[in-house]
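Comments concern the structure below.
Each reported figure results from applying straightforward, stated rules to the coordinates on display, with no laboratory input. Not measured: the values here are computed from a predicted model. Please note: Cβ atoms are built from the backbone with ideal geometry, for glycine as well, and neighbour counts cover all protein chains shown.
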Amino acid sequence: MYSVIIMKTIDLVVPCYNEEEGLEHFVLETNKVIASLPSCRFRFILVNDGSRDKTFLVMKQLARRFDNIKYISFSRNFGKEAAMYAGLRHTTADYVVVMDADLQHPPEVFPQMLEAMEEGFDCCATKRDEREGESFFRGIFSKLFFRLSNRLTDVKNPYGAMDYRMMTRQMVDAILELSEVQRFSKGIFSWVGFDTKWISFSTVDRQHGKTSWKFSSLFKYAIDGITCFSVAPLRFTAVMGAVIFFISLIYILITLIQTLFFGITTPGYVTTLCAVLFLGGITEMSIGILGEYIGRIYMEAKDRPIYITKFSNFEEDNTKESEE
Ligand code: UDP
Ligand code: MG
């Protein structure tokens, strides 16, 4: 009697933007973990998201050194979401992992993730325990965002949810069905459903390079997170309009009665000014919210590609290897 060992294949999707310093270290560290899991066959899918440094050069050198490294290089910086999508599009494995290249997503949790998949989960996702070095203001802001987006949208994520996760082929295929240009992965991962097990670890600081996130981009991220998955802000403006209309009806009635029975007493300068400013403000805000959605429709209607590949070592991409 002999038993057949079914090897699981696992694709690691890694978006890389200006990671020349840390990429090699990342691959070496991850390879150490891979070596401890002989029952799985791993493959790296490194996505160079238009880095301005030598990331792509490092990537090609690594691909020459290790035969389990595939790469895609964009024609410019399309953003992490686009890079993740491109990586996912090229996966073929049974399980797919999405992770950052800066080792803030430790490969050491692979065994834990695999265990969850063996238990029958479709996805094993990570959330952070605590965020060391996160400023007070930023902490409050992100907590508020999680509360708001969980309430307003179909997307339910625990506080501190990260992109770092392992998913089944079936779930990845479902994610790829959502081909919207304005991608918000945390929302998409949750929107497609499937059983997710959440594991947590305390975050570590970036070892090389620096984060490409600014507070302004976090703010944009929060707005995207809500508007991509909910029309609640639009409904809010409609409800607000109705409330204001109702209040003004009462006020008009009071003023009319006062004028008819007691005559015009005061010039009403302050009232007029307040009403004009208040309504002006509300109108501007409502137009802004409308504009936010129209802008989204506009961008989607163009139906532009999510990313453009310049180089790749995937055969089917039919792109030339670059000269050094
Ligand atoms: N990244 C990317 N394109 C970008 C910005 C970032 O592919 O435009 C990659 C980056 O190389 C890293 C991951 O996304 O692998 C997370 O970026 P970063 O570490 O800067 O973000 P943070 O960890 O602070 O959320
Ligand atoms: Mg990072």
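Consider region 29-48 and keep the residues that are of a type in the set (D, E, K, R) and in a helix (DSSP H, G or I). The one that is nearest to ligand 1 (Cβ to nearest atom) is GLU29. Kindly establish whether SER142 is surrounded by fewer than 21 Cβ atoms within 10 Å (Cβ to Cβ), within 16 Å of ligand 2 (Cβ to nearest atom) and either on the phi < 0 side of the Ramachandran plot or not basic (Lys, Arg) (or both). Yes; evaluated as a whole, the condition is true for this residue. The numbered conditions (1) farther than 30 Å from ARG43 by Cα; (2) of a type in the set (A, V, I, L, M); (3) in contact (Cβ under 8 Å) with a residue 24 or more places away in the chain; (4) not in a helix (DSSP H, G or I) are all true for ILE306 except (1). All of (1) touching a strand residue (DSSP E or B) at 6+ places or on another chain (Cβ under 6 Å); (2) over 19 Å from LYS80 (Cβ atoms) hold for LYS127 with one exception: (2).
Name every residue in region 217-246 that is away from ligand 2 (no atom under 16 Å from the Cβ), assigned to a helix (DSSP H, G or I) and closer than 21 Å to VAL181 by Cβ, in order of residue number. Within region 217-246, PHE219, LYS220, ALA222, ILE223, ASP224, GLY225, ILE226, THR227, PRO233, LEU234 meet the criteria.
Screening region 54-98 for residues that are polar (S, T, N, Q) and either touching a residue at least 60 places away in the same chain (Cβ under 8 Å) or within 13 Å of VAL14 (Cα to Cα) (or both) and picking the one that is farthest from ligand 1 (Cβ to nearest atom) gives THR92.
Of the residues that sit in region 28-47 and are more than 16 Å from ligand 2 (Cβ to nearest atom), in contact (Cβ under 8 Å) with a residue 40 or more places away in the chain and within 27 Å of the chain's Cα centre (by Cα), which one is surrounded by the fewest Cβ atoms within 10 Å (Cβ to Cβ)? Filtering region 28-47 for residues that are more than 16 Å from ligand 2 (Cβ to nearest atom), in contact (Cβ under 8 Å) with a residue 40 or more places away in the chain and within 27 Å of the chain's Cα centre (by Cα), the one surrounded by the fewest Cβ atoms within 10 Å (Cβ to Cβ) comes out as VAL33.
No other residue among PHE74, PHE56 is aromatic (Phe, Trp, Tyr) and touching a Phe, Trp or Tyr at 6+ places or on another chain (Cβ under 7 Å) apart from PHE74. The residue that is nearest to ligand 1 (Cβ to nearest atom), among those in region 99-111 that are under 20 Å from PRO38 (Cα atoms) and either assigned to a loop (DSSP other than H, G, I, E, B) or β-branched (Val, Ile, Thr) (or both), is PRO106. Condition (residue is surrounded by fewer than 18 Cβ atoms within 10 Å (Cβ to Cβ) and within 16 Å of ligand 2 (Cβ to nearest atom)) applied to region 170-180: is it met by at least one residue? Among the residues of region 170-180, not one is surrounded by fewer than 18 Cβ atoms within 10 Å (Cβ to Cβ) and within 16 Å of ligand 2 (Cβ to nearest atom), which makes the answer no.
Please verify whether ASP53 is more than 27 Å from LEU114 (Cα to Cα) and assigned to a loop (DSSP other than H, G, I, E, B), treating the condition exactly as stated. Taking the combined requirement at face value, the residue satisfies it.
Just one residue in the set ASP154, ASP163, ASP173 is in a helix (DSSP H, G or I), under 27 Å from PRO305 (Cβ atoms) and of a type in the set (D, E, K, R); that residue is ASP173. With respect to (1) within 16 Å of ligand 1 (Cβ to nearest atom); (2) surrounded by 20 or more Cβ atoms within 10 Å (Cβ to Cβ); (3) over 22 Å from the mean Cα position of the chain (by Cα), the lone exception for SER51 is condition (3).
Per-residue answers, yes or no, for (1) touching a residue at least 12 places away in the same chain (Cβ under 8 Å); (2) farther than 25 Å from LEU88 by Cα; (3) surrounded by 15 or more Cβ atoms within 10 Å (Cβ to Cβ):
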| residue | (1), (2), (3) |
| --- | --- |
| GLY187 | yes, no, yes |
| THR196 | yes, no, yes |
| LYS220 | no, no, no |
| ILE223 | yes, no, no |
| PHE229 | yes, no, yes |
| PRO233 | yes, yes, yes |
